[in-house]
1. Rounded to whole Hz and in sequence order, give me ³J(HN,Hα) for the stretch 10-27 from the Karplus expression 6.51 cos²θ - 1.76 cosθ + 1.60, θ = phi - 60°, writing x for Gly and Pro.
2. When the solvent-accessible surface of protein heavy atoms is calculated with a 1.4 angstrom probe, in what order do Glu197, Glu262 fall, highest first?
3. How would you classify the stretch 1-53 from its alpha-carbon gyration tensor, with a ≥ b ≥ c the square roots of the eigenvalues: rounded for a/c under 1.5, else prolate if a/b is greater than b/c, otherwise oblate?
4. Could you give the nm distance between label points at Thr27 and Asp13, where each point is 7 Å from its Cα heading toward the beta carbon?
5. Working from Cα positions, state the angle (0 to 90°, nearest 10) between the long axis of helix 250-262 and the longest principal axis of the chain.
6. Give me the extension gain from Arg202 to Gln229: residue separation times 0.36 nm, minus the current Cα-Cα distance, reported in nm with one decimal.
7. For every other residue with a beta carbon closer than 15 angstrom to the beta carbon of Asp321, add +1 if it is Lys or Arg and -1 if Asp or Glu, then tell me the sum.
8. Enter the Cα centre distance for the pair the stretch 376-408 and the stretch 100-141, rounded to the nearest angstrom.
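The values are calculated or read from the model by the stated rules, or taken from the named source; none is laboratory data. As the structure is a prediction and not an experimental result, all values here were calculated from the model. When we count neighbours, we look across all protein chains shown, and the Cβ atoms used for this are built from the backbone with ideal geometry, even at glycine. Side chains included, ligands, DNA and RNA excluded: accessible areas come from the protein's heavy atoms. Shrake-Rupley method; radii C 1.70, N 1.55, O 1.52, S 1.80 Å.
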Amino acid sequence: MFDLIVKGGTLPDGQVADIGIVGDKITAIGSLDSAQAGQAFDASGDLVSPPFVDPHFHMDATLSYGLPRINTSGTLLEGIGLWGELKQVMTQDDIIARALTYCDWAASMGLLAIRSHVDTCDDRLLGVEALLEVREQVKDYIDLQLVAFPQDGFYRDPTARENTIRALDMGVDVVGGIPHFERTMSDGAASVKELCEIAAARGLQVDMHCDESDDPHSRHIETLAFETQRLGLNGRVAGSHLTSMHSMDNYYVSKLLPLIAEAEINVIPNPLINIVLQGRHDTFPKRRGLTRVKEMLAMGINVGWGQDCVLDPWYSLGTADMLDVAFMGLHVAQMTSPADMRTCFDMVTVNNAKTMGLKDYGLHVGAKASLVVLDANDPIEALRLRATRLCVVSNGRIVSQTPRADATLSLPERPKSSRRRHAPNTA
C-alpha cells in the first residue's frame, strides 16, 4: 500500500514508469498497475523530473523592486548602493513576508531547494535573523541553505568580519565572500584565504561571489582553487558568476580551467542577471557577461545555472522559474544541440543538487519523495515551453497543482483547442 502513486510518467532518461511513495520516500519505480494507494496522480504522457534547484539567490532582497527607488543605470554597482539604502529602512517582518511569498512562488514552480546569500554587512543582522526564521517555516517543503555573505566586503566593511562569524554562530550554513569588491586585489585574495580557513575549521561549504566583473585581471578564482586544495575542501566549494573569464586571455584560461577542475570547484553562472548587469561600460562590441560554460563542462567541472535575483535592486523581472534561467543560459552560451539542451536541464536539477550537497535527491528508490510533473514530452520540450508544472510533490505530499495551459480556438476548420507541445524528429 502506497501513500501516493504518480502514474505513467516519462522520466528524464526516457523511461516510462509509475513512482510509488510511502511517507517521504520513493519506495518503488516501475509498473504498479495492481498496487493500491491512498492518492494517485496521472502523469501519463508527461515528464516527471526531480525538483528544480537554485544554488544562488538573494532572498533577503527579493520582491523589493522599487524600494526605496529603482536602479536607473542598471549596473551592479548602483544595485549594491541601492541595497545599502534599502537596508536602512527595511524591517525583519518585511524580509520574512517577502521571502515567504517568494517561497510560495518557488513551491508552485517545483523549485524545492534554494541556496540564498544573506547580507552580513548590517550590525543588526536583520536579514540573518529573518531568513533563519524563514528556513524554519519552510523546512517541510523547501530545503533552504543560507550563505553568510559580506556584501560590502569582508575587509572593506569595518564590521563585516565580526558579523559574518556571528552569522555562522547563529546557524548559517555556508561561508560566502566577494573578493572582487575589496579595495585591492591583495585584500581580495586575503579574504578568500581567511574565509576558506573559517569554513575548513567549521566543516562548512564555501560559496564565493567571484570575479563578477568585466575586468579580465579579476582572477580571484585562481586563489579560490588554490585555497580549496590547500585546505582539503575539494567538492565543497562553489565559485559564483566568474564573469571576468568572459574577457580573459585564452592562454591564461587554458591554465585556469584545469585548476578549477582539480579543485573540484562547483561553478554557478547566473545568465538572467549577468546578461543585463555586465558590459554596461562597453560600446560595441558589447560583452554579455557569461563565463565559459561549455568549456568548463568539457573539462568535467560541475556547472549549474543560478537564478540570483527576482524583482530586487539588481533585476526587475523574474518568477522563480528555473526553466527561464536555463532557457536564457542555453541561448547566451549557445548550447542548442539536443545534447547541450539536455545538459541545460541537468544544470537546474542534478548539477545544482550536487553543488548544494543535497542528500537523497533524485528519482530512485530510497530518494526523498520530491518531484515535478511537467506538461512536456521530455527535458528539451520542457525548456522550450518553460512547461507548466502540473503537479509538485514535496516530501511525499502534493503541494501544488496547475491546470494545463491549453488555448481554446475559434478558427474555421481548425481544432477547438491548441497545445504547443510537439515532438520533433531529432534523429
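1. 9, 6, x, 7, x, 5, 9, 7, 8, 10, x, 10, 10, x, 10, 10, 6, 10
2. On the way: Glu197 65, Glu262 105 Å².
Descending accessible area places them as Glu262, Glu197.
3. Working: a/c = 1.90, a/b = 1.33, b/c = 1.43.
Since a/c reaches 1.5 but b/c is at least a/b, the shape of the stretch 1-53 is classed as oblate.
4. For the pair Thr27/Asp13, the computed spacing is 2.3 nm.
5. Helix 250-262 sits roughly 70 degrees off the main axis of the chain.
6. Values: separation 27, 0.36 × 27 = 9.72 nm, distance 1.65 nm.
Extra length from Arg202 to Gln229 when fully extended: 8.1 nm.
7. Working: positive: Arg384, Arg386, Arg389; negative: Asp54, Asp104, Asp308, Asp324, Asp375.
Around Asp321, the charge tally is -2.
8. 24 Å
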